[in-house]
Amino acid sequence: MHRLYFVCPFFDKLMKIVLVFPPFYLEPMYNLPPLGLINLATALKGSVHQVVLIDFVLAIRRGTLRMSKNIYRDCAHEILNEEPDIIGFSAQCTTYPGVIRISKEIKDKQNDVKIVIGGHNASFVDRITLERFPFVDAIVRGEGEITFKKLVDRYESGENAAGVAGVTFRCGDKIVRNKDRDLIPNLDELPFPDYSFLPPFSEYRDACNLPRSIAILEVGRGCPHNCIYCSESILWRRTTRTISVSRLVCEMENLFNNFYAECFLLSYDQFTVKRSFVESFCYRVIEQGLNHLPWYCISRLDSVDAPLLKLMREAGCESMCYGIDSGSKKTLAFIRKNINREILCQRVVETSDQGIIPTLSFIIGFPEEEKEDIDETLCMALKTGIVGNNNPLIQMPTVLPGTDLANRYGELLVRGVDTYFALGLEFDGGKRIESDEKLINSDPAIFSSFYNLPCPGRSLEELNLIATCFPLIVKLYPKTFLLLSLECHRSVSDLFIGWLNWLKIYLKREACALSPQECYLYFRDFISDMLRKKRVLERKHFPDILKYENLALEVGKFTPCKNSFHIDPEQIREFRPLKSKNMIIENFAFNIPEIIMDFTSGAFEKEYPPQKTLLLFKQDDELLNVLEINSFAGDLLDLCDGKKEIGVISQELYGHYGLDVSPGDFYKACVEAINVFGKRGCLNME
């Protein structure tokens, strides 16, 4: 915990302001410094007050805050130890129960302290929060940098929040909602976030098991769209504002040089919407020599193309997220999202071809979706798994306060399953504290993100299983699973639920679950059971596709060979090549490269004649390489056992492959082939 003190001789007593990020623990989430609170602390630096920032998420990761039934009491105790006059909480939808619980603990012990809550969730449930919880004094709605500073000034002078735009507050027995504050017109006027309020990035990196020290780089605010489930556009009034390119690059330099950031998460959903802005940013990053710093961003399919992706990669872009949402036209119309589904697979290929890893976000289970709509989304996810390297993310809808989804369907909310964005408060031995459950159950309007909307297409339990487990199939067996669905004439979701139930029975366990290891070990047995009743396969190439994906997984377990390959011309006759153990060579009955090319173009119903094919599988770092080789190459590699000299190998192969050329020319061809395979990492020097 870092503290900054500001002293002014004209005031007898400094106010102490404690800004708090509430406790939360979910491995992939909230593992970076809380930028919103840092912005508030930075905005107060020029005041006369003392500011302390506490990140309880980091405290849990460090082990200094113990997860238990008493976690909220412990948090309140640590906050009160700072002797605060004002406490400001940043609350997300999932952390809202914790904020409420800690606030009550504090007020029970020190009633005169002011408790203020801000954040997206609070902005939309401001009045009802103050009505339900009398120990909360005020809600800061929307942007907080100016609003919170003005509220602090009012409290410092002994007044209430009357007249402070953007604040909802308690005035005696009344709840007063002041007018909205105008959005900050020029975000460049905000000061650079001062990360010295918190421990260094390296401490977050180490405590959260991150590969690098990551900083959030805020690029802009707002969204012009009107998706039914999104609170972002509503909060920012469907407008967009960006920080200037020159300011962004200066901030990158500042965070790199002074705070030792090693990587950047670009925070702005509309980053790639304006091409000229992205190009200007990338060129400036390259000019300043900052393109060695990797960064991540969010994009739309229709706002990038191959040339722009190439420039982004050159500027340091390492990964990006595409919000696909659905493969169903009906669902896309329902959520009011317009995406060009026809360019999805092309964009995945273009992105991965540049060395940028795309994350593809899908949502299933909207309240108007039938099974066919869900299947269309799952089929789309499988097709993206077929065409390229990507990270699939499948979620159920999160019902956020203020959204049209919440407003139109709020009366249908039920507690069914905990979706991904309802996790993180499992503080009681891996379970949610009973009093948290009681609080959540008490008010669906405030805690709607913990609730579900029934879906006619699938039960909530089935949807949750699909969202949790189906990405594994997309990553490991997309070709086989899609073909199996066609071969068995079953919908993708039916087949997947059947696979999970089969595995539950096969492993004799109580609940459905799936792991990568279980996929690899048992998926073939499930397929055998599914196809046992079929006398003739409609797609005779199906077993080859299964074998192909199994071998791709098998070779992925190998450690890539790093040694450089070189044959000394002076010792070439004594050289004994050794085939690498990190590759697999296998025969196939069909022309698998042709079939996979058809798959990537969307053709799954073609018939193929038998055609023997020999494939070499090799894993290079994170990239799978599959080469079609001829029988000469296969036999050559088989003879490279580390014991035979090249001349001996040439002699053994000559009678079968070299009768049309002289022994000397055939020997040269063998040497050349060994050089080629050696440079590809298929042969070792020993």
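All of the numbers you see were taken from the coordinates with simple rules; none came from a lab. None of the values given here were measured: they were computed from a predicted structure. Positions of Cβ are backbone-derived with ideal geometry, glycine not excepted, and every protein chain shown enters the neighbour counts.
For the range 452-469, in order, what is each residue's ³J(HN,Hα) by Karplus, 6.51 cos²θ - 1.76 cosθ + 1.60 with θ = phi - 60°, in whole Hz (x at glycine and Pro)?
Calculated HN-Hα couplings, in order: 10, 10, x, 10, x, x, 8, 5, 4, 5, 5, 4, 5, 5, 4, 4, 6, 9 Hz.
Relative to the longest principal axis of the C-alpha atoms of the chain, give the angle of the C-alpha long axis of helix 478-488, reported between 0 and 90° and rounded to the nearest 10°.
80 degrees
Taking the Cα centre of the chain as the origin and placing charges on Cβ (Lys, Arg +1; Asp, Glu -1), which of 201, 654, 354 is farthest toward the positive end of the dipole?
Looking along the dipole axis, the top candidate is 201.
Rounding to the nearest 20 debye, state how big the charge dipole of the range 3-182 is about its Cα centre with +1 on each Lys and Arg Cβ and -1 on each Asp and Glu Cβ.
Value, rounded to 20: 280 debye.
Quick one: angle between helix 71-81 and the longest Cα principal axis of the chain, in degrees between 0 and 90, rounded to 10, please.
Between helix and principal axis, roughly 50 degrees.
With point charges of +1 on the Cβ of Lys and Arg and -1 on the Cβ of Asp and Glu, referenced to the Cα centre of the range 364-521, which listed residue (446, 467, 400) lies farthest in the positive direction of the dipole?
467
Take the range 559-684, drop everything but the C-alpha atoms, weight them equally and run the Debye formula without solvent; then report log10 I(q)/I(0) at 0.16, 0.22 Å⁻¹ to two decimals.
Ignoring solvent entirely, the Cα scatterers give -0.85, -1.27.
How large is ³J(HN,Hα) for each residue in the range 255-270, as worked out from phi by the Karplus curve 6.51 cos²θ - 1.76 cosθ + 1.60 (θ = phi - 60°), to whole Hz, x for Gly and Pro?
5, 6, 6, 9, 10, 6, 5, 10, 6, 10, 9, 7, 9, 4, 5, 9
Name the long-range amide H neighbours of residue 238: under 5 Å, sequence gap of 5 or more, or other chain; modelled H, no Pro or chain starts.
Under 5 Å from the amide H of residue 238: 223.
Considering amide H positions built from the backbone, and no H for Pro or chain starts, which residues 5 or more places from residue 590, or on another chain, come under 5 Å of its amide H?
Amide H neighbours of residue 590: 611, 613.
Could you give each residue of the range 520-537 its phi-based ³J(HN,Hα) in whole Hz, using Karplus coefficients 6.51, -1.76, 1.60 with θ = phi - 60°, and x for Gly or Pro?
With the stated coefficients, the range 520-537 comes to 5, 7, 10, 4, 5, 5, 4, 4, 4, 5, 5, 9, 4, 7, 7, 6, 9, 6 Hz.
Taking the Cα centre as origin and putting +1 on Lys and Arg beta-carbons and -1 on Asp and Glu beta-carbons, what dipole magnitude results for the chain, to the nearest 20 debye?
1080 debye
Using just the helices of the chain, give the 222 nm mean residue ellipticity in deg cm²/dmol: DSSP H runs with n ≥ 4 each add -39,500 (n - 2.57), and the total is spread over all residues, rounded to 500.
About -12500 deg cm²/dmol.
Taking the range 592-635, which trypsin sites (Lys or Arg not before Pro) meet the DSSP loop condition and have no more than 13 other C-beta atoms within 10 Å?
606, 612
Sort 505-516, 259-270 by the packing proxy (mean of other Cβ within 10 Å over each peptide's residues), most packed first.
The densest-packed peptide leads the list: 259-270, 505-516.
With N residues in the range 3-182, what two-decimal value do you get for its Cα radius of gyration over 2.2 N^0.38 Å?
The value comes to 0.98.
Find the Cα radius of gyration of the chain, compare it with 2.2 N^0.38 Å by division, and give the number to two decimals.
For the chain, the normalised Cα radius of gyration is 1.13.
Considering only C-alpha atoms, what is the centroid distance from the range 122-191 to the range 289-333, in Å?
Distance between centres, Cα-based: 36 Å.
Return the long-range amide H neighbours of residue 215 (sequence gap of 5 or more, or a different chain), with a cut-off of under 5 Å between placed amide H atoms.
Residues meeting the amide H criterion: 262, 263, 264, 265.
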